[in-house]
Amino acid sequence: MAAPSVKGFPDFQRLKILAKDEFTSLLDQMPGRKDLVIDGELMKPLDRIASVSLLKQRGVDKIFKFDSSLKSMHGCEQRIYLVRPRMTTMKAIADHINSDRNINFKRKYSIIFVPRKLHTCLSVLEYEGVMGCVTVSEFQLDFVPLDKDVLSLELPEFLKSFYLENDQTWIHTVAKSLVRLQALSGEIGHVYCIGRGAKMVNDLMNFLMKRNSSEQDFSRHEIGSLILIDRDVDYVTPLCSQLTYEGLLDETFGIKCGTIEFGPEVTGKQQSAKLLLNSDDAIFEDVRNRHFSNVLGYLSSKAKSLQQDFDKRHGLKSVGDMKDFVANELRRLKEQKSVLANHIGACEQILGKKTKGGFEDYLQTEHSLLEGSGLRDNVNFIEELLFKQDNMLKTLKLICLLSLTQNGISPQTYKSLKTQYLQSHGFEQLVTFSNLKSLGIVTDQETGSQAGTPLNKVASGMAAMTRRSTFQSLCKKLSLIPKSDDIDLKNPTDMSYVFSGAYTPLSCKLVEQVLTRGGFTGMEEITKYLPGGVHSENHVKASKDHSTPVKDKSGKSARQDRPVSKVVLVYFLGGCTYSEITALRFLGKLKGYIFVIATTAIINSSTMLESVMEKPPI
Amino acid sequence: MATADWNPLGEIYYKKCEVYSMGWSDIVDISKFEVSAAPYGGPIALLKDESKTARVQVSTKPIITVFTAAGKQISQMRWNSGSIHKMGWSHTEDLLFVQDDGVVLVYDMFLTFKKTFGMGQEAKDVKVIDCKIFSSYQGTGIAVLTSTYRVFIINSVDDPRIRRLAEVPGLSSAPSSWAVINLDRQSRALIAKGSELCLIDQGGQYQVQTPDVSTEVTQFLAMSLSFNNRCLAMFTDKGVIWIGSSDLQKKYCEFNTKSPTPPQQLSWCGAGAVVGLWGNMMLVVGPDKDWINFNFDNPVHLVEEEDGLRIIGKYQHEFLYKVPEVTEKIFKIGSMEPGAMLFEASKEFYKGSQKADEYIRIIKDKLEIAVSQCIEAAGHEIDPAKQKPLLRAAAFGKCFLTDYNPEAYVNMCQMLRVLNQVRNHVIGIPLTYSQLQHLSMPILIDRLVLRKLFYYAVKICQYLKIADAEGASRILAHWACYKVQQKNEDDETIARAINQKLGDTPGISYSDIANHALEEGRPDLATRLLDFEPRAGQQVPLLMKMHKDNIALSKAIESGDTDLVYTVLLHLKESMNQGEFFMAIRNMPIAYALFIQYCRQQNRKLMEDLFYQEDNFQEEGTCKVVNSFNEDRMEDRIEELKLAQACFTKAKNEFAKVQTEEQIKLLKYQQRLEEEMNRPYLNLSLHQTIYRLTLANNHKVAEQLRKEFKVPDRRFWWLKINALGECGDWVELERFSKGKKAPVGMEAFVEVCAKHGNMKEAMKYLVKVSPEQKVKCLVKVGERKKAAETAFENKNEEELSYVLSKCGPSDKQLVDTIRGMKQQMSRR
């Protein structure tokens, strides 16, 4: 267990087993038959940890999804709530309890907070007068291993709560997750922080580690470096249309906690199909990281070879061969066939959506926004989308990109675009724009120069000097926009292939730079454009490991000798996209790194924007 | 000879040895004091009640003095409460005083008052005539006998819960003797009533028993239970000592002392012999009627231990104990036990005699037993001079064993080192090896801490390599708690001294120490100490307790743990008035942001107040906008929006102000439309509203809205074309196309027709499409062939490629044609 597994990935199954054990022991604290009421957003993560049969075995009678609009709930005499610590949730639970009391129904209640209980929640319970009749415990579920190289906290609200509302509650959870991870996989030697939240996580992590140091065993080292990246360093990448297969699956169907649900239109049957998307699915593993343009071709060739395998049965000579074929091969082939059929079906759906509705023009605009060319045409295109009442998220995405790539929108255009957007999609979007302004995603150039987010502060100063926006400068310095138009999407040589060679994701490029330089030295020209600044730290102690000197510079050569130093944990605060994961996987293959991606949640442009949008009144 | 001081008692031997020569010899005359000593080598308390000895009635209160077992004075005080009936020690070495009104006072060995409790109203009303302090399964218990001959009992002085035992039937005078028996997790009292014994319990049950005594008995004058509560000794009025089991089922022996008076003390020496003390004469009686007689020069006091008896006198502190079996095996004259042989061998070896070899040969195959015997015997020796040769013998024997596990040997050496140290008269805890086994090392360390011997305790921990968390740091924490009580030193010095010693030792809780300082009434010292506390989670609650709310808040913020920040914030909110509270948090952006988060979910009104106070009109306006969504009644909603509008005006946000204004207007429109048309229009955007109106063929109102809200032409055209296309109103669409020149171009019309599958209509507009858009439009209506031809005519290669890219697998022929065209063009 201690040694990295065959392919060099640390074994994260341990996290799953730990979480499972913790959860079952929590269930056992309430012996006997009980109902389980689960917060909707915890359903899928829990599914990955504990199966329904395990829950039943532990006395769980019925499983309900938590619905805060219900004033009362029925069920058996014991009930466990498994919830995120939110005040509104607490109020609803108190309502349930009080309604039981009113009809004199005796029930035992237990609230399990994920990942920890908060004082504010308890104060709500106290205020509602139900504190006396509930038992309260914590379930420290942090990382849900989605794949062998992907860990997610499944906390999509991080983005809104931290960057918009300045609430640091989840920073603690992130730090705690790293502490717990290191308790399993050993202390991480090098820590690089990009952004404000990253620094905060690092500080808190160090503090928590110091406090626990006597209890933990740091003799193992499975992860060499940790790179923490704030999402507000790079809002551009998640807003770009994803073009890899996995990314498109997420944008089209929505991947939830590593599982996808295909409707009848994909499966071609009556019922829908649920698929676990990870490296265990050999076909998916082959296509997930491909640019969409060569997915269908691959799948069809796969279909042909599968057909050949099937055809083998005609060539079977003896009864023994036949028996063998049916016993071993047939089952596997049948499974593969159904998986393949689903993937082909999904491709058709994606293709259908992409050829319709002017997707090409849209992509064209997106790319020219990234390049910073044809500004007038792009604005016209956005306006056209508004006039045609096109999808509100799609349109908003382009407005965001326009602002981010240009350091804000000129006051005139800003006003007119906002007006048009409100006319098309309703007055409540006024709040959305106010939120986006606070986040620094959509700003006007005027306010950008006065106040606002640090991004714009730095940017405006720069703009005056170089007459180029922050983003454009970063593009130039890091050559994010490849010069040549022709990129081999089939056998890519550059990370930009995930966006058809139009753009290399900034976040991933930064990771590459930090790793090749072994820190931030020599990157001052780049880091000055990044909001929140950068920070690096070295925890490798000379006494512990003689092969690694303390100094960062000389450590670079030594690190190459040790396989562990090639294992890099990249932690996205505020979520990351599948395209970024794919790009990092590609970078790993190219440069010989083993990347493990940790994130607060897996996002895409739609989920990211939706989380900060004002919901229309019902 | 090693056996010289052994006194045979039947088959076994008893040995009396001096532990200390008492440090009090020139000041204390033990006969003038009431004496009480704690077991396990605990301290000795002396109570001098002058009213008892004085010939004239004096009203002075008694003096209490506490000494170590070696006679070194620890503390002294003059009693200032009621009349003491009984004095005794608890298992945590607290001194207990039971007054005749049943009040129990608890002091520590430094005679610092700890707590007090009573033994119940009845005991208070009728007075206590006798009292027993006994060791119960829960710690130390107290039983009192009232003047009404009822027994009240508590099982633990830490958690005093008074229980009344059953009444002894027909008890009309005070019992001649009584005792508390503690067996099977239950405490019962054995009361002697004439020749009968009555066992009473908490459940109200009683049991009358008559023990089997061969001589006539009228009264049992004394009784005593062995340390383990299994054996009982009684003294009858005829001078007979009866020894048996405590359940009175078994009798071991009767011994006639021929003494008419009962002994001053009737005790047990371990569980093996009964000891009676008459004046300066002590009689030891074994279970088989064997006896030994000791005489003393001075009065003595007996203290029972689990493995022997301590005899405290004016000059000496002695210990009487049964010679352990293993010691006997080694030292008994003529013993052939392996241990004895090994001991001899070792002695000869160090003398340089070859006899050593002979001895070893004799016990060759029993060498392992021999070694462990020597080790064990060394443990039982009190004098280091006697421990040494035994250990040396063990070490010698060990050499001949190939795979002997040295753990037992090493452990014993370490234990003896510790034991010899604590037995030293400076510390004065005369523990035996078996007592330490029973007491356990952590408790011994606790006892050292209790005596404020912090340095010794730490050294022992370090010597035994006890983990810091359980050992050294715990002791240091105790030391610090003691340190903060020193009122003569100033806060700064103490804080620095504590930090210097404790540093960052893991397991130290500065907040506990600070809490202690606070209890001692030194809040400033507590604050200083809290500065050293790294765990904000511990620090913050205490700071709040000390009303240092502002420090608490900033510490909580520093910790990065929002939960803590909320804890302080909610506390502040409760304890301050709103204005002060707002002022307090306005300079702390993180606290401010968190509080707003809290309000967003719990109290939106408060959030608006906060924004208002901060002149943050923009946010206040946004708040009101969001509020408006939750209003059910249209009037309220508009009212809320009007307020928002006012806020935006103050915030100088012209854009938001105008938009809000327009929204109010739109809402009013929509409301009117709903009333008139009986269709839902509310909450639609402007675009959607006009679209719906167009669908409903209500072009007039649509036009009106368009003008009212200054909808751009391009939007309006797209809107109308799409809406008409959707409802299939081709006539109206045609009329519309013929009106003003379309700002969106004719291709929009083509697109809409194509979208709704009406190719015939599409063709109508196609002719009017501008030449540069023609190819695209043709493709849209599906006329790829025509498109290709047009592109060819236009001689536009780009357009040709566009058509080509739109060709599917079914257009094979066309693809070939286009390729041909392209070739043709490039050739030219």
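The values are calculated or read from the model by the stated rules, or taken from the named source; none is laboratory data. Keep in mind that this is a model prediction, so the values were computed, not measured. All Cβ positions, glycine included, derive from the backbone under ideal geometry; neighbour counts span all protein chains shown.
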Would you check which residues across the range B:265-285 are within 18 Å of B:SER226 (Cα to Cα) and at pLDDT below 90 and list them? B:GLY270, B:ALA271, B:GLY272
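On the basis of being within 12 Å of chain A (Cβ to nearest Cβ), under 57 Å from the mean Cα position of the chain (by Cα) and assigned to a helix (DSSP H, G or I), does B:GLN645 make the cut? I'd like the intermediate steps shown before the answer.
Numbers: within 12 Å of chain A (Cβ to nearest Cβ): yes; under 57 Å from the mean Cα position of the chain (by Cα): yes; assigned to a helix (DSSP H, G or I): yes.
Against the criterion (within 12 Å of chain A (Cβ to nearest Cβ), under 57 Å from the mean Cα position of the chain (by Cα) and assigned to a helix (DSSP H, G or I)), B:GLN645 qualifies.
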Of A:GLU128, A:GLU138, A:GLU157, which residue is among the charged types (D, E, K, R) and farther than 30 Å from A:LEU569 by Cα? A:GLU128
What is the one condition in (1) closer than 20 Å to B:ARG714 by Cα; (2) touching a residue at least 12 places away in the same chain (Cβ under 8 Å) that B:GLU772 does not satisfy? (2)
Within the range A:404-429, restricting to residues that are surrounded by fewer than 20 Cβ atoms within 10 Å (Cβ to Cβ) and closer than 29 Å to B:ILE638 by Cβ, the one that is nearest to the other protein chains (Cβ to nearest Cβ) is A:LYS415
Among the candidates B:SER226, B:SER246, residue that is crowded, with 20+ Cβ neighbours inside 10 Å and under 30 Å from B:ASN298 (Cβ atoms): B:SER226
Quick check: is even one residue across the range A:398-407 more than 25 Å from B:LYS806 (Cα to Cα) and part of a loop (DSSP other than H, G, I, E, B)? yes
Mind checking whether some residue in the range A:383-405 is under 14 Å from B:PRO712 (Cβ atoms), among the β-branched types (Val, Ile, Thr) and touching a helix residue (DSSP H, G or I) at 6+ places or on another chain (Cβ under 7 Å)? no
I need a count of the residues in the range A:111-158 that are under 17 Å from A:TYR81 (Cα atoms) and away from chain B (no Cβ under 12 Å). 15
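Yes/no matrix, rows are residues, columns are (1) free of Cβ contacts under 8 Å to residues at least 60 places away in the same chain; (2) among the small types (Gly, Ala, Ser); (3) outside any helix (DSSP H, G or I):
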site: A:MET90; (1), (2), (3): yes, no, no
site: A:HIS96; (1), (2), (3): yes, no, no
site: A:PRO115; (1), (2), (3): no, no, yes
site: A:VAL124; (1), (2), (3): yes, no, no
site: A:GLY132; (1), (2), (3): yes, yes, no
site: A:THR135; (1), (2), (3): no, no, yes
site: A:GLN140; (1), (2), (3): no, no, yes
site: A:PRO145; (1), (2), (3): no, no, yes
With a cut-off of at least 1 residues that are under 24 Å from B:ASP184 (Cβ atoms) and in contact with a Gly (Cβ under 8 Å, 6 or more places away or on another chain), name the strands (runs of 3 or more DSSP E) lying wholly within the range B:49-160. B:128-136, B:139-146, B:151-154
Out of the residues in the range A:69-88 that are basic (Lys, Arg) and touching a residue at least 40 places away in the same chain (Cβ under 8 Å), state the one that is farthest from the other protein chains (Cβ to nearest Cβ). A:ARG79
Residues that are crowded, with 23+ Cβ neighbours inside 10 Å and either more than 19 Å from the chain's Cα centre (by Cα) or closer than 18 Å to A:VAL514 by Cβ (or both), drawn from the range A:166-181: A:LEU178
Residue check, B:MET677 over 22 Å from A:SER416 (Cα atoms) and touching a residue at least 24 places away in the same chain (Cβ under 8 Å): no
All-but-one check, B:LEU145 against (1) over 21 Å from B:HIS85 (Cα atoms); (2) surrounded by 15 or more Cβ atoms within 10 Å (Cβ to Cβ); (3) of a type outside the set (S, T, N, Q), failing number (1)
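Could you grab me the full set of residues in the range A:380-403 that are among the β-branched types (Val, Ile, Thr) and either within 13 Å of another protein chain (Cβ to nearest Cβ) or closer than 20 Å to B:GLU747 by Cβ (or both)?
The initial filter retains those residues of the range A:380-403 that are among the β-branched types (Val, Ile, Thr), namely A:382, A:395, A:399.
A:ILE382, A:THR395, listed by residue number.
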Please pick out the residue among B:VAL484, B:VAL540 that is in contact (Cβ under 8 Å) with a residue 40 or more places away in the chain, β-branched (Val, Ile, Thr) and surrounded by 18 or more Cβ atoms within 10 Å (Cβ to Cβ). B:VAL484
The range B:594-629 - residue that is surrounded by 19 or more Cβ atoms within 10 Å (Cβ to Cβ) and hydroxyl-bearing (Ser, Thr, Tyr) and, of those, farthest from the other protein chains (Cβ to nearest Cβ): B:SER628
From the options A:TYR245, A:TYR298, residue that is hydroxyl-bearing (Ser, Thr, Tyr), more than 14 Å from chain B (Cβ to nearest Cβ) and surrounded by fewer than 22 Cβ atoms within 10 Å (Cβ to Cβ): A:TYR298
The range A:273-292 - residue that is surrounded by 13 or more Cβ atoms within 10 Å (Cβ to Cβ) and small (Gly, Ala, Ser) and, of those, farthest from the chain's Cα centre (by Cα): A:ALA273
Kindly list the number of the only condition in (1) under 25 Å from B:THR112 (Cα atoms); (2) free of Cβ contacts under 8 Å to residues at least 12 places away in the same chain; (3) not aliphatic (A, V, I, L, M) that fails for B:TRP479. (2)
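Looking at B:LEU682, B:LEU667 in this structure, which one is within 60 Å of the chain's Cα centre (by Cα) and among the aliphatic types (A, V, I, L, M)?
On the way: B:LEU667 fails: within 60 Å of the chain's Cα centre (by Cα).
The unique qualifying residue is B:LEU682.
Name the single residue, out of those in the range A:180-213 being β-branched (Val, Ile, Thr) and more than 28 Å from B:PHE595 (Cα to Cα), that is nearest to the other protein chains (Cβ to nearest Cβ). I'd like the intermediate steps shown before the answer.
Of all residues in the range A:180-213, those β-branched (Val, Ile, Thr) come to A:188, A:191, A:194, A:201.
Checking the rest, the ones that are also more than 28 Å from B:PHE595 (Cα to Cα) come to A:188, A:191.
Values: A:ILE188: 19, A:VAL191: 16 Å.
Filtering first and then ranking leaves A:VAL191.
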Per-region count, the range B:667-724, residues in a helix (DSSP H, G or I) and either within 10 Å of chain A (Cβ to nearest Cβ) or aliphatic (A, V, I, L, M) (or both): 25
